[in-house]
Amino acid sequence: MHNLEQMVIELSEAFGPSGFEGEVRQKIESFVGNYTNVTYDQFGSLIAVHSGVSVYPKVMLAAHMDEVGLMVRGILPGGELRAVMLGSWWPPALLAQPVVIRSCGGDHLGVIGAKPPHYLREDERNRQLKLDDLYIDVGARSAAEVQAMGIKPGDPVVPAVKTRPLSGQSVYMGKAFDDRVGCVVLANVLQSLDARHPNQVVGVATVQEEVGLRGAKAISPVVQPDICIVLEGVPADDFPGGSIVQGRMGGGPQIRRFDPTMIANQALVNLMVDTAEQCGIPYQIAVRESGGTDASAVQVHTPGGVPTTVIGIPVRYAHSHHGMIDIRDVAHTVTLVKAVIDRLDEKTVNHLKQNPW
Ligand code: CO
């Protein structure tokens, strides 16, 4: 059994933008391989089956392995690299941040450059930064120098960030918590289940969520779960000036009733709420005005549909170089998911399927 902090560090530091999840998958397999039966689908997602006392119902737990990143598009004559996004970035969040480019010549450090403020015209100062204004600078002076490093169009790029604890002890700062904290919960739950759960647990680590839930769409018809819980690093909303706070870092797992892409099975949400209260686990309820997760894909890409919701671990500054999480939220999510699995027997799942509201 690996401790939670160690898993958070290893999985968040793993290199894995959308379409390049190999290192993350390897880590997850190293965590769960001795506890589950691991296979892959043809798109790269990992499937880890943990058998209980019954093959029905099939409980799918899903977390996505990919992080938002960039891909080298081309090399400018001066040696700067243009890039496309793998997933959605707010361009100003990229400015002056360190990145690592994985090339056939190895990993290279760079920084996201832009025209320096000293040289900006007045009209340029007042305009929002776009991806076109940015480039990756690996310290080269010419395209030839970049080519000599082995860097080519198509090379993937992620933030160059180490995961570190902050003074508050339980808070960590690092990259890719969306959704490596979900991967941590997935791996931890799979490691700690015994064979007595009244169902079959299918842990799925999906690829390419950040570019449109592509891995979840591909795998749902294959797994055909009876019920699905998506484990996500969700954006915290406890910033100054926020009025309705439903995702406070340290406030416990966030159970989602709604986002514009998914109306959760409300009976499943109610079961989770009851479970949290019975176990004394703090929780938060989310009704989101924006956003979406793999849950929306699993819900409708499983033939006949499937009861689904999302459990979120609040992440401050998701989709930036430095996210923040409270490790206690991760621990509480593990406890809650395990307690919910214990309650998802045949009778309960049949009831949820027939009475979703
Ligand atoms: Co995510």
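Worth a mention:
- Flag for Ile75 being over 28 Å from the mean Cα position of the chain (by Cα) and crowded, with 18+ Cβ neighbours inside 10 Å: yes
- Asn270 meets the stated requirement of being surrounded by fewer than 23 Cβ atoms within 10 Å (Cβ to Cβ), modelled with pLDDT of 95 or more and assigned by TED's automatic domain parsing to the domain that holds Glu209.
- Take the conditions (1) open to solvent by less than 40 Å² (accessible area, probe 1.4 Å); (2) assigned to a loop (DSSP other than H, G, I, E, B); (3) within 16 Å of the ligand (Cβ to nearest atom); Gly305 misses just one of them, which is (3).
- Residue selection: Thr333 satisfies the criterion of being open to solvent by less than 10 Å² (accessible area, probe 1.4 Å), within 16 Å of the ligand (Cβ to nearest atom), in a helix (DSSP H, G or I) and in contact (Cβ under 8 Å) with a residue 12 or more places away in the chain.
- Residues of region 204-217 that are among the hydrophobic types (A, V, I, L, M, F, W, C) and within 12 Å of the ligand (Cβ to nearest atom): Val211, Leu213, Ala216.
- Residue match in region 4-18 (condition: under 22 Å from Ala195 (Cα atoms) and small (Gly, Ala, Ser)): no
- Residues within region 54-81 that are among the basic types (Lys, Arg) and either touching a helix residue (DSSP H, G or I) at 6+ places or on another chain (Cβ under 8 Å) or within 15 Å of the ligand (Cβ to nearest atom) (or both), tallied: 1
- Answer from Ser12, Ser30, Ser51 - the residue that is crowded, with 22+ Cβ neighbours inside 10 Å and of a type in the set (Gly, Ala, Ser): Ser12
- Test: residue in region 336-345 that is surrounded by 22 or more Cβ atoms within 10 Å (Cβ to Cβ), out of contact with any Lys or Arg (no Cβ under 6 Å at 6 or more places or on another chain) and more than 30 Å from Ile9 (Cβ to Cβ): yes
- Filtered by the rule that a residue be more than 22 Å from Lys175 (Cα to Cα) and in contact (Cβ under 8 Å) with a residue 60 or more places away in the chain, region 224-256 gives Gln224, Pro225, Asp226, Ile227, Cys228, Ile229.
- Hey, Pro165 open to solvent by 10 Å² or more (accessible area, probe 1.4 Å), under 20 Å from the mean Cα position of the chain (by Cα) and not assigned by TED's automatic domain parsing to the domain that holds Ser54 or not: yes
- For region 179-203, a residue qualifies if it is within 14 Å of the ligand (Cβ to nearest atom) and under 25 Å from Glu346 (Cβ atoms), and the qualifying residues are Val185, Leu186.
- Top-ranked residue in region 231-245 [being open to solvent by 60 Å² or more (accessible area, probe 1.4 Å) and either within 13 Å of the ligand (Cβ to nearest atom) or of a type outside the set (S, T, N, Q) (or both); ranked as nearest to Leu61 (Cα to Cα)]: Pro235
The values are calculated or read from the model by the stated rules, or taken from the named source; none is laboratory data. As the structure is a computational prediction, the values presented were derived from the model and not from experiment. So basically every Cβ, Gly included, is an ideal-geometry build from the backbone, and we count neighbours across all protein chains shown. Side chains included, ligands, DNA and RNA excluded: accessible areas come from the protein's heavy atoms. Shrake-Rupley method; radii C 1.70, N 1.55, O 1.52, S 1.80 Å.
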